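Below is one structure, written out as structure tokens, with a few remarks after it.
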Amino acid sequence: MTALPLLSAVDMATFVARGFLRFDAVVPDDINRQFMAEVGDIPGPEQGRKLLRTYTELMAGAAIPEVPAGVPLARAYPQGGAIERLLALPLVKGAIQSLVGPDPVFDHHFLHVTFPAAYHEAGGAENVSQHTHQDSTIDPGAGFDLQVMYYPHAVTRPMGGTRFVPGTHLRRVSEAALGRYQNIRGQQHMVCEPGTLLFLHSGIWHGGGVNLSDATRTMFKIRINPGVTQVRQWDIATLPPQPAARPIFFVKSAQPRTVESILMTPEPWFEQDTGRLEFINRMKLWRHVAGNPGFDADHWMTRLENPARYAPPDAS
Amino acid sequence: MQRQKVLVLYLANSALDAPVIGWAVYDGTGQTRPMAGDNDEAPYATGVDALKDGWRLIQAAQLLPHHGSDEFDVSYLKYEFFFEQLVEVAV
């Protein structure tokens, strides 16, 4: 039996720092084609027909099962179905286990279909992008849920694609409250080949892009909860010993790429002061997933947790 | 008849000449339809650049103290500046 390809320390640090991992064209074409067949045909636009009706009929006719929240992910999908086959791919299984542990729990899924302008015009609605939001509710937990976004067909830039803002996942906000942020420096749009997967931290800010092409865009999302601890579920053997403290601020040459350097790389949208708080929150999450409560990078935590600050006067 | 256009800039700190990190536009004239994700390039480099282009500042985010025990929490973008332009439209 072959061991699962678990995520490496560099992969995990990237996920902790940026809130996503992208796997391009990793799902085989036969699974992509099977999934699109399971979705079924989408009827063309029809004057006076509301999109909600099209959507309702699409979901009803699709061979994608209704699944109760809270069941084991391993039992959520019928054997031989496209999603069951996708979840069994070693890369997918290994990445899921690395992020939410063995025996993860199915939360919910949804078939996101983004329609071209003709559908909106026929139904008397406006063709606009989705407001930027964070899924679910304010989430103060130490861990996170995983959202797997599956792109079964090619997505071009005119088709919109999922828009997301790397590094926003540690912000404690309330769902659509951030809808007024139309554009943020560093935002990305998912333009990809068929069979691409985007693994998202449940806190990342995102929204569906407006579809300006003539073709419908299909994306399938699965939210997954951890069933056990998320501590050290990835390939711990790839974690090098923590290097000696590196120089900070006054630095004369480029530093090597390490877990520390990944966690200390800012995003283009970082505010000058809260960008430092982002570093601290990344380190708190790294301490959690690495099971290393003493971890620090670039002296941020050591400075704050210095026991000498709290020591009583020397009795001698 | 006049209609209002609104520009919202999010800056890297509380100074109006700080770099723009986020932005939004709302157009009361109806001539354009700005929306989420419609532009990856900021309309101005700083808030002051918007002033130089004729936008009038109408609101700036307050600086608020940090509550005990959640000093390290991050949430919404802090440095939000609202600008307006009044545009003549035919009725």
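Numbers at a glance
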read-out: All positions within the range A:202-216 that are closer than 16 Å to A:TRP269 by Cβ and more than 9 Å from every other protein chain (Cβ to nearest Cβ); value: A:GLY203, A:ILE204, A:TRP205, A:HIS206
read-out: Matching entry among A:ALA37, A:ALA82 (being crowded, with 19+ Cβ neighbours inside 10 Å, of a type outside the set (Asp, Glu) and more than 25 Å from A:GLY207 (Cβ to Cβ)); value: A:ALA82
read-out: Which listed residue, of A:ALA290, A:ALA237, is without any contact (Cβ under 8 Å) to a residue 12 or more places away in the chain and of a type in the set (A, V, I, L, M); value: A:ALA237
read-out: Pair list, Cβ < 9 Å and 6+ apart or interchain, from the range B:35-55 residues that are within 14 Å of another protein chain (Cβ to nearest Cβ) to residues that are in a loop (DSSP other than H, G, I, E, B) and hydroxyl-bearing (Ser, Thr, Tyr); value: B:MET35/A:SER129; B:ALA36/A:SER129; B:ALA36/A:THR132; B:ALA36/A:TYR181; B:GLY37/A:SER129; B:GLY37/A:THR132; B:ASP38/A:SER129; B:GLY47/B:TYR79
read-out: Entirely in the range A:176-287, the strands (runs of 3 or more DSSP E) that have 1 or more residues that are modelled with pLDDT of 95 or more and among the hydrophobic types (A, V, I, L, M, F, W, C); value: A:196-201, A:217-225
read-out: Answer from A:GLY195, A:GLY275, A:GLY209 - the residue that is in the same structural domain as A:VAL92 (by TED's automatic domain parsing) and over 30 Å from A:VAL71 (Cβ atoms); value: A:GLY209
read-out: Among residues of the range A:297-316, those that are crowded, with 17+ Cβ neighbours inside 10 Å and touching a residue at least 40 places away in the same chain (Cβ under 8 Å), counted; value: 1
read-out: Residue within the range A:281-290 that is surrounded by fewer than 19 Cβ atoms within 10 Å (Cβ to Cβ) and in contact with a helix residue (DSSP H, G or I) (Cβ under 6 Å, 6 or more places away or on another chain) present; value: no
read-out: Test: residue in the range B:63-78 that is within 14 Å of chain A (Cβ to nearest Cβ), surrounded by 13 or more Cβ atoms within 10 Å (Cβ to Cβ), within 15 Å of B:TYR10 (Cβ to Cβ) and touching a residue at least 60 places away in the same chain (Cβ under 8 Å); value: yes
read-out: Output for the range A:148-173, where each listed residue is of a type in the set (Gly, Ala, Ser) and either part of a helix (DSSP H, G or I) or modelled with pLDDT of 95 or more (or both); value: A:ALA154, A:GLY167
read-out: Pairs where the first residue, in the range A:190-218, is closer than 16 Å to A:VAL27 by Cβ and the second is basic (Lys, Arg), C-beta under 9 Å, 6+ apart; value: A:MET190/A:ARG22; A:MET190/A:ARG163; A:CYS192/A:ARG22; A:PRO194/A:ARG33; A:THR196/A:ARG22; A:LEU197/A:ARG22; A:LEU198/A:ARG22; A:PHE199/A:ARG22
read-out: For A:PRO140: the one exception among (1) more than 15 Å from A:LEU52 (Cα to Cα); (2) surrounded by fewer than 16 Cβ atoms within 10 Å (Cβ to Cβ); (3) within 13 Å of chain B (Cβ to nearest Cβ); (4) touching a helix residue (DSSP H, G or I) at 6+ places or on another chain (Cβ under 8 Å); value: (4)
read-out: Boolean, A:GLU66 is within 18 Å of A:THR196 (Cα to Cα) and surrounded by fewer than 18 Cβ atoms within 10 Å (Cβ to Cβ); value: no
read-out: Conditions (1) without any contact (Cβ under 8 Å) to a residue 60 or more places away in the chain; (2) surrounded by fewer than 10 Cβ atoms within 10 Å (Cβ to Cβ): number failed by B:ALA60; value: (2)
read-out: Within the range A:1-78, helices (runs of 4 or more DSSP H) holding 2 or more residues that are within 30 Å of A:ASP296 (Cα to Cα); value: A:9-18
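The values are calculated or read from the model by the stated rules, or taken from the named source; none is laboratory data. Because the structure is a prediction, the values reported are computed rather than measured. When we count neighbours, we look across all protein chains shown, and the Cβ atoms used for this are built from the backbone with ideal geometry, even at glycine.
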